[in-house]
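As structure tokens, the structure follows; a few thoughts come after it.
The values are calculated or read from the model by the stated rules, or taken from the named source; none is laboratory data. For clarity, every value in this text was computed on a predicted model and none was experimentally measured. For neighbour counting, all protein chains shown are included, and Cβ atoms are generated from backbone atoms with ideal geometry for every residue, glycine included. Please note that ligands, DNA and RNA were not included when accessible areas were found on the heavy atoms of the full protein model with its side chains. Shrake-Rupley method; radii C 1.70, N 1.55, O 1.52, S 1.80 Å.
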Amino acid sequence: MDVKVVPVVVINNIEDTIPTLQAMCDGNLPVAEITFRTACAEEAIKLGVKTFPDMYIGAGTVINVEQCKKAIDAGAKFIVSPGLSEEVALCCKEKGVTYYPGCVTPTEIMKAISLGIEVVKFFPANVYGGLKAIKALAGPFKQVKFLPTGGVSLENLKEFLEYDRIFAVGGSWMMKGDIKANCLAIDKVIKGE
């Protein structure tokens, strides 16, 4: 799937799952990183995957292998972590699920490369130098693409996406207010309208 923006979705109540994901689909943004920060995350992923089989639904804020296994069993198509977990990376590799670990230092990126990972989450991007830092890190790591999250917004989205080493951007700004309208605004930026 050609993904440019990965919305970070927090589902606090299971009954919010379908309306939230429907609004995203209606806004031409059929991608969701459902965070494992809430009690209903596993159930929300399962419901989302069942109800929206064409959506690219994954699990975010996965910090250990137990959460990873639960997310994959629920149907997550990708796993995102705020940092790099070798156990999670190996679990994802074994299950054939894409893993986007958080990496902001050369050492973390080198570890990700040694695990066969080609796309790393750069989080929190605004704290660790944003696009300027990504460009500096991209120099020695030609085989890696970045998924910056944290500090990305509609205002700087185009700037991030124009850089060829950006795989996609992540964020939660589109989940505030009118989700469909926010997603349609993102779609316009991606299409250059």
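Taking the solvent-accessible surface of protein heavy atoms with a 1.4 Å probe, what is the per residue accessible area of the range 23-77 in Å²? Intermediate results must be reported in sequence, preceding the final value.
Working: 2330 Å² over 55 residues.
I get 42 Å² per residue for this part.
Can you work out the FRET efficiency for the pair Gln22 and Thr107, with r the C-beta to C-beta distance and R0 = 45 Å, to the nearest 0.05?
Working: r = 42 Å, r/R0 = 0.93.
Step by step, r from the Cβ atoms, then E = 0.60.
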* Structure fact -> For the range 56-163, the percent of all C-alpha pairs falling in each 10 Å bin, from 0 up to the bin holding the max distance, is 15, 46, 31, 8
* **Label assignment, Rg and Dmax of the Cα atoms in Å derived from the structure, set (i) 15.4, 43; (ii) 15.7, 46; (iii) 17.2, 55** => (ii)
* Kindly provide the helix-only [θ] at 222 nm of the chain, computed as the sum of -39,500 (n - 2.57) over DSSP H runs of four or more divided by all residues, to the nearest 500 deg cm²/dmol? => -11500 deg cm²/dmol
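As an exercise, take the mean of 1/r over every pair of distinct alpha carbons in the range 32-98, invert it, and state the Kirkwood radius in angstroms.
On the way: mean 1/r = 0.0876 Å⁻¹.
Final number for the Kirkwood radius of the range 32-98 is 11.4 Å.
At a Förster radius of 25 Å, what calculated FRET efficiency corresponds to the Cβ-Cβ distance of Asp54 and Ser153, to the nearest 0.05?
Using R0 = 25 Å, I get an efficiency of 0.40.
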* Asked: Over the heavy atoms of Arg37, what accessible area does a 1.4 Å probe trace out, to the nearest 10 Å²?
  -> 150 Å²
* Asked: Using a 1.4 Å probe, how large is the accessible area of Thr98, given in Å² and rounded to the nearest 10?
  -> 60 Å²
* Asked: Hey, with R₀ at 30 Å, roughly what FRET efficiency would Ile63 and Glu193 work out to, going by the Cβ-Cβ distance, to 0.05?
  -> 0.20
* Asked: Expressed as a whole percentage, what fraction of the accessible surface of the chain belongs to carbon and sulfur atoms when a 1.4 Å probe is rolled over the protein heavy atoms?
  -> 52 percent
* Asked: Taking a probe of 1.4 angstrom, what is the accessible area of Met110 in Å², to the nearest 10?
  -> 110 Å²
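Ordering Thr107, Thr61, Thr35 by how much accessible area each has at a 1.4 Å probe, largest first, what is the list? The partial results should precede the final answer.
On the way: Thr107 105, Thr61 35, Thr35 0 Å².
Per-residue accessible area, sorted high to low, gives Thr107, Thr61, Thr35.
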* **Cα-only radius of gyration and Dmax that characterise the range 1-61, units Å** => 10.3, 30
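Compute the projected area of the convex hull of the Cα atoms of the range 116-193, averaged over all viewing directions, and report it in nm² to one decimal place. All intermediate terms of the calculation are to be shown ahead of the outcome.
Numbers: hull surface 21.9 nm².
If you wrap the Cα atoms of the range 116-193 in a convex hull and average its projections, you get 5.5 nm².
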